[in-house]
Amino acid sequence: MTGVKALQNKKILIVDDDKDILEPLELLLVSEGFKVDTITKGEQTYTKVTSFKPDLILLDVLMSGSDGRTICKKLKADPKTKDITIVLMSAHPSAKADSKVCGADGFIAKPFDIDDLIKEITDCLS
Amino acid sequence: MPKKSQLKQESDQIEEFRQQIKELKLQQKQYRQLIDSSPGAIAIHSRGTLVYVNKAAVKLMGAKSEQELINRSIMDFVHPDFHTIVKGRVKQLYSTNKPTAPIEERFVRVDGRVIDVEVVSMPIIFNGEQAVQIAVTDITTRKRNVEQLLFNAQVIDSLSDAVVVMDRDVRIISWNKGAERLYGWKEKEVLGKNLSDIAPYTYIIGSDEEAVQQIAKTGLWRGQVTQKSKKGKHLVINVSATAVNDSKGQMVGFVTINRDVTEELASQGRLAAIIESSDDAIVSKNLDGIINSWNKAAEKMFGWTADEVIGKSIYIIIPPELQHEEKHIITSIRNGERIRHFETVRIGKSGNRINVSLSISPVRNNRGEIIGASKIARDVSERIRSDQALKESEERLRLALESGHIGVWDWNMVSNKLLWTDNVYTIHGVSRDTFQVTLENYLKLIYPEDLPLFNQALKKSLKDKVPFSLSLRILTKDGIRWVATTARVFFDETGEAVRMLGATSDITRQKQLDQDKSDFLSMASHELKTPLTSMKMFIDLLNRQFEAGELDKNYYFLGRIKDQANRLSELINDLLDVSRIETGKLKLNKEKFKISELVKDTVESIQPSTSVHTISLMVDRDEIVNADRYRIYQVLVNLLTNAIKYSGKGKEIVVRIAKDKRQVVVSIQDFGIGIKKEQQKRIFERLYQVNDPEEKTYPGLGLGLYISKEIIDRHNGQIWVESKKGEGSTFSFSLPIAQ
């Protein structure tokens, strides 16, 4: 926990089209001491990144209307956003391989244990 | 001096002598008269000179009177060939004093003609002189006849037929080589014997009585007998007997010509047996088309018995519309032409039609003239049926290939010639007119990325001698399409691949379906994992609170967990329903109920799930329906949750129940985002979810409307949507009103 505590005040943006996912994620990460913001539409990511300036984006891969991989690629290609750590999450088994291709820093498969998620986030941030 | 009595005695004796002499003279006179008038020629010669001839002798020798003969040397009338014999005989006669047996000689008449005679000689005393009396019979005619017979017999010796010459007592006079061959006896064994002792005969045709009568009447008889040869072989003989007469018309014998017909009859019998036992109908007719033979198979094939049709016209078995055929047939036959395997139709007794193959040949008489035709008819109905069946099965295969859009191709690997059926051209979207089918051109049609796959599969098939099987992409004018190809490779005896025969079909649609299925599975698992992920996190959070002793939010978390479990359960139910629909196992438990009650209950149960929407119910007309209450509830829930989900800014939802003819119509109207016209048609399809980048995102499997449509369809109702983009949608379904 000390390691995690050291990462307190880091800002995490969660992007997922499912509110039932967003809610417990937000609760969890807030309780872990992160500053958290959430959005349900992928396209809003770019503006949100500018305003919120997250240290890490927890990005869902398959969302209605947009694709997390495309967003990831775009952010990593933009010099202004390429240093933001991106962790992709997906219920799709093949998404892990895709995450490497699109330049993501980490990947977590849904459903997950929250301890695994915290570990993936802290690993990626440190 | 002699005594008186003595004298008397002597005188009596003299008288007696005189009397005796007188009688003798009388006798002599009578005897002379008898001899003179005897029909047999009688002459007496003494010391080589004729001393007496009777009238018959004068006639025999062709003289006018006895003066022409008397006192002439006997040798003047004996043929020089016989002079020595006659001299010798005369000498013998004088010494033995006994008459001779009849001897054949030749005499020369006064007119110079030579005649054959039979002579009987006897020594007598004539006018006190030693003399010879001869009785002469003219045997010229008889002898000539017999000689002629013998001569003829020699001529006919060379004939193959047995020629037997017999005298009138049926004694064999001549027995030619043919007879030796036929009966086995040599001529010398049989000459002079009676034929019936040599080879007893039994009549097959004719009788002794008939033969005798016929010969007597006409001089000719024909018949048939059975006889046995020397070796005991049973013979059937055709006999032709002709009388031989002398110049006076007297029968002196007869000639029989005996022909062995044993083999001929047997082969005729065999031929008849073959014809009778043939499976083919064998019929013969004359040039007028009149039937004169009709075998068993013909009876069976056409249903007419031989008795019924013999003597009738062949037209009896020719269908009316084919009667012209017979004219052609007869014309060909008259020209001596054979007709082989002419396939046509003939008609049976019961009017049934028979497919036949005819072979027709001219029939000729002994002189080689065409007198009719023999016709062999084979029933080919079965073959035609099997030909037809084969054609039909080929047609079915062709149809199957066509309707399955399967193209067949044949690659001759020796000549490198490639043949395509129309479907292959269609699959590749190329025209027969412009596309030249070669392997090189074909390879150009393959999607370049898949070319190595093709080469690899071909190599494997040729090397391992396994069927070629491959799915690959091709380039067509309509873009990339998928094809599946299977082929067999044919190898020659050296193991060299010589031919490849294959079938190709377009599987783009199938590939698409496979892709849809895989997409669906992927989405379903994604959808299922989402509530699961949520549940797990709430449970983990709950755990953390337990550990930290902070249980203030646990009721909320438990409530959220229950929501997610319910969501999961609904998803699973939807998936199960789809599976039931697809396998036809969606069962309805119908009952009669008031539709308004169900709608009202549903609205009341859904209303609490939303705090921002107001659902109002307007019942124009209530009706009783016969339906599955749970399934209709499911449809209502789906339509109401959709209305809430897609309402956007519109807060009001209106539910109406109305009547339309014999149907009750339930409609749910929202004032939300609406649906584009082109999407309206597809929203009831399985897995269709309005997916618009501009749109807000909506979770879900996209199964709700599909399941709803299936449920309504099963109730013989209808479901539809009326919508305008941006103004909202009205989903309606109708159900038949219960009777």
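Quick notes on this one:
- Residues that are among the basic types (Lys, Arg), over 28 Å from B:Val236 (Cβ atoms) and touching a residue at least 60 places away in the same chain (Cβ under 8 Å) number at least 1 in the following strands (runs of 3 or more DSSP E) confined to region B:269-378: B:281-286.
- Residues located in region B:544-593, provided they are within 15 Å of B:Ser534 (Cα to Cα) and among the β-branched types (Val, Ile, Thr): B:Ile561
- Scanning region B:526-573 for residues being among the aromatic types (Phe, Trp, Tyr) and over 22 Å from A:Ala91 (Cβ atoms) gives a total of 3.
- Any hit, region B:702-721, residues being at pLDDT below 85 and under 17 Å from B:Val635 (Cβ atoms): yes
- Strands (runs of 3 or more DSSP E) contained entirely in region B:144-227, each with at least 1 residues that are modelled with pLDDT of 85 or more: B:162-167, B:172-175
- Every listed requirement among (1) more than 14 Å from chain A (Cβ to nearest Cβ); (2) farther than 25 Å from B:Phe435 by Cβ; (3) surrounded by 14 or more Cβ atoms within 10 Å (Cβ to Cβ) is met by B:Thr494 save one, (3).
- Residue in region B:44-64 that is among the basic types (Lys, Arg), at pLDDT below 85 and part of a helix (DSSP H, G or I) present: no
- Test for B:Ile406: is it of a type in the set (A, V, I, L, M, F, W, C) and touching a residue at least 60 places away in the same chain (Cβ under 8 Å): yes
- Residues of region A:72-111 that turn out to be of a type in the set (A, V, I, L, M, F, W, C), crowded, with 16+ Cβ neighbours inside 10 Å and either within 14 Å of chain B (Cβ to nearest Cβ) or outside any loop (DSSP other than H, G, I, E, B) (or both), as a count: 11
Let's see how each residue does on (1) within 14 Å of chain A (Cβ to nearest Cβ); (2) part of a loop (DSSP other than H, G, I, E, B); (3) surrounded by 17 or more Cβ atoms within 10 Å (Cβ to Cβ):
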site	(1), (2), (3)
B:Leu458	no, no, no
B:Arg473	no, no, yes
B:Ser522	yes, no, no
B:Gln545	yes, no, no
B:Tyr555	no, no, no
B:Gly559	yes, no, no
B:Ala565	yes, no, no
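- Within region B:650-663, one or more residues are at pLDDT below 85 and either in contact with a strand residue (DSSP E or B) (Cβ under 8 Å, 6 or more places away or on another chain) or more than 14 Å from every other protein chain (Cβ to nearest Cβ) (or both).
- Cross-chain or 6+ apart pairs with Cβ under 7 Å, region A:65-84 first and within 10 Å of A:Val49 (Cβ to Cβ), then among the hydroxyl-bearing types (Ser, Thr, Tyr): A:Ile71/A:Thr45; A:Leu75/A:Thr81
- Region B:634-682, residues that are among the basic types (Lys, Arg) and outside any strand (DSSP E or B): B:Lys645, B:Lys649, B:Lys651, B:Lys661, B:Arg662, B:Lys676, B:Lys677, B:Lys681, B:Arg682
- The set of residues in region B:77-113 that are touching a Phe, Trp or Tyr at 6+ places or on another chain (Cβ under 8 Å) and not in a loop (DSSP other than H, G, I, E, B) comprises B:Val78, B:Glu105, B:Arg106, B:Phe107, B:Val108.
- Test: residue in region B:376-397 that is surrounded by 14 or more Cβ atoms within 10 Å (Cβ to Cβ), under 30 Å from B:Gly289 (Cβ atoms) and of a type in the set (Asp, Glu): yes
- For B:Val165, the stated conditions hold: it is surrounded by 19 or more Cβ atoms within 10 Å (Cβ to Cβ) and more than 16 Å from B:Val236 (Cα to Cα).
- The listed residues are B:Val132, B:Val108, B:Val136, B:Val120, and the only one of them that is under 22 Å from B:Glu66 (Cβ atoms), surrounded by 16 or more Cβ atoms within 10 Å (Cβ to Cβ) and without any contact (Cβ under 8 Å) to a residue 24 or more places away in the chain turns out to be B:Val120.
- Filter result (buried (at least 18 other Cβ atoms within 10 Å of the Cβ) and not aliphatic (A, V, I, L, M)) within region B:571-585: B:Asp574, B:Asp577
- Residue within region B:263-277 that is in contact with a strand residue (DSSP E or B) (Cβ under 8 Å, 6 or more places away or on another chain), at pLDDT below 85 and within 30 Å of B:Val164 (Cβ to Cβ) present: yes
- Enumeration of residues in region B:83-101 that are out of contact with any Pro (no Cβ under 7 Å at 6 or more places or on another chain), surrounded by 14 or more Cβ atoms within 10 Å (Cβ to Cβ) and closer than 29 Å to B:Gln67 by Cβ: B:Val86, B:Lys87, B:Arg89, B:Val90, B:Pro99, B:Thr100
- B:Leu462, sole failed condition from (1) touching a strand residue (DSSP E or B) at 6+ places or on another chain (Cβ under 6 Å); (2) assigned to a strand (DSSP E or B): (2)
- The residue that is farthest from the other protein chains (Cβ to nearest Cβ), counting only those in region B:668-697 that are touching a helix residue (DSSP H, G or I) at 6+ places or on another chain (Cβ under 9 Å) and at pLDDT 80 or above, is B:Gln669.
- Which listed residue, of B:Glu343, B:Glu321, B:Glu337, is closer than 13 Å to B:Ile376 by Cα, of a type in the set (Asp, Glu) and surrounded by fewer than 16 Cβ atoms within 10 Å (Cβ to Cβ): B:Glu343
- Failed condition for B:Glu16, given (1) more than 19 Å from B:Val136 (Cβ to Cβ); (2) surrounded by 11 or more Cβ atoms within 10 Å (Cβ to Cβ); (3) modelled with pLDDT of 80 or more: (2)
- Applying a threshold of 6 Å to beta carbon distances and a minimum spacing of six or more residues, or different chains, the list of pairs starting in region A:38-64 at a residue that is farther than 21 Å from A:Leu28 by Cβ and more than 9 Å from chain B (Cβ to nearest Cβ) and ending at one that is polar (S, T, N, Q) and not in a helix (DSSP H, G or I) reads A:Val49/A:Thr81.
- For region B:580-622, a tally of residues being outside any helix (DSSP H, G or I), charged (D, E, K, R) and modelled with pLDDT of 90 or more returns 4.
Conditions (1) in contact with a helix residue (DSSP H, G or I) (Cβ under 8 Å, 6 or more places away or on another chain); (2) of a type in the set (Val, Ile, Thr); (3) closer than 24 Å to B:Tyr706 by Cα; (4) in contact (Cβ under 8 Å) with a residue 24 or more places away in the chain, marked per residue:
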{"site": "B:Ser609", "(1), (2), (3), (4)": "yes, no, yes, yes"}
{"site": "B:Ile624", "(1), (2), (3), (4)": "yes, yes, no, yes"}
{"site": "B:Arg629", "(1), (2), (3), (4)": "yes, no, yes, yes"}
{"site": "B:Val637", "(1), (2), (3), (4)": "yes, yes, yes, yes"}
{"site": "B:Thr641", "(1), (2), (3), (4)": "yes, yes, yes, yes"}
{"site": "B:Glu652", "(1), (2), (3), (4)": "no, no, no, yes"}
{"site": "B:Arg656", "(1), (2), (3), (4)": "no, no, yes, yes"}
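The values are calculated or read from the model by the stated rules, or taken from the named source; none is laboratory data. Everything numeric here is computed off the predicted structure, so don't read it as measured data. When we count neighbours, we look across all protein chains shown, and the Cβ atoms used for this are built from the backbone with ideal geometry, even at glycine.
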